[in-house]
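Here the structure is laid out as structure tokens; the discussion comes afterwards.
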Amino acid sequence: MFCGEQAKWSGFAPLSVFRYLTIYVYCKSSAHGTPPRDMVKEMQRPKIGIVVAITSKDAAIGKGGKLLFHISDDLKRFKAITKGHPVIMGRKTYESIGRPLPERTNIVITRNPDFKAEGVTIVHSLEDALKKATTPLPPLLNQGGVGGGDEIFIIGGGEIYAQALPLCEKMRLTIVESDAEGDVFFPDWRANFTHETFREERFDKKTGLKYVWSDLERTT
Ligand SMILES: NC(=O)c1ccc[n+]([C@@H]2O[C@H](COP(=O)([O-])OP(=O)(O)OC[C@H]3O[C@@H](n4cnc5c(N)ncnc54)[C@H](OP(=O)(O)O)[C@@H]3O)[C@@H](O)[C@H]2O)c1
């Protein structure tokens, strides 16, 4: 239901205007005529991406409110990918992290109208989270990414991944070769994300874990 709405988001006006003008000038100067409406809408729409670490056995992502693995290089990669972008997470994931992630605008989803947390934006639906992620903030309040970020990241946990997956276009998967037992799982993505744009096989000396970084794009 959000897919149709994504194209309507226009809360990041300055960047959109810039993009529109760029396309317009390109089209006019290269005799293509007026830019097609769909092309402009496509350029305006920030991509929604997922970042997640799963087990190879059954796509478990967590247990007892905690992560299953702490792989230093993977955490560094997570930071590098999400830095400067809005990150959207469920209340349970926020509480398991215990603090706002720095240099990112943290958007936390809860049904609890009384939920309070310092340094994060609290919303009560995924739809509102996505709207907030594209709403410009004054420069002093902007912790990176809000209002013009070209990619918004969904960072968990299981409930939020399940709701957001149909809206996502890109996934950064970390697949850990492990049969660790989890109590929260990532939803099945395989049928819709078949185009792999990046793959790297890795080994973590500290934990002895083999894992793969796999970036995927939506194909259906
Ligand atoms: N491996 C990874 O990459 C990764 C990444 C992130 C998290 N995790 C793990 O995943 C686990 C947490 O996942 P989870 O599924 O239990 O919880 P979650 O998705 O983090 O948060 C669930 C909470 O989000 C709120 N919520 C969900 N849908 C909502 C909606 N449509 N509208 C309003 N609020 C909504 C509710 O909060 P209220 O109850 O406050 O209403 C709900 O209890 C932890 O073990 C964590 O470590 C793993």
### Message
I need the full set of residues from region 166-210 which are under 22 Å from the mean Cα position of the chain (by Cα), of a type in the set (A, V, I, L, M) and within 12 Å of the ligand (Cβ to nearest atom), in order please.
### Response
171, 173, 175, 176, 184
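Does residue 82 satisfy the condition of being within 20 Å of residue 120 (Cα to Cα), surrounded by 15 or more Cβ atoms within 10 Å (Cβ to Cβ), within 11 Å of the ligand (Cβ to nearest atom) and among the β-branched types (Val, Ile, Thr)? Even if it seems obvious, please write down each step before you answer.
Values: within 20 Å of residue 120 (Cα to Cα): yes; surrounded by 15 or more Cβ atoms within 10 Å (Cβ to Cβ): yes; within 11 Å of the ligand (Cβ to nearest atom): no; among the β-branched types (Val, Ile, Thr): yes.
No; evaluated as a whole, the condition is false for this residue.
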### Task
Being surrounded by fewer than 20 Cβ atoms within 10 Å (Cβ to Cβ), at pLDDT 95 or above and part of a loop (DSSP other than H, G, I, E, B) is the filter here, so list the residues in region 149-177 that pass it.
169, 177
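The values are calculated or read from the model by the stated rules, or taken from the named source; none is laboratory data. Model, not experiment: these values are computed from the prediction. Please note: Cβ atoms are built from the backbone with ideal geometry, for glycine as well, and neighbour counts cover all protein chains shown.
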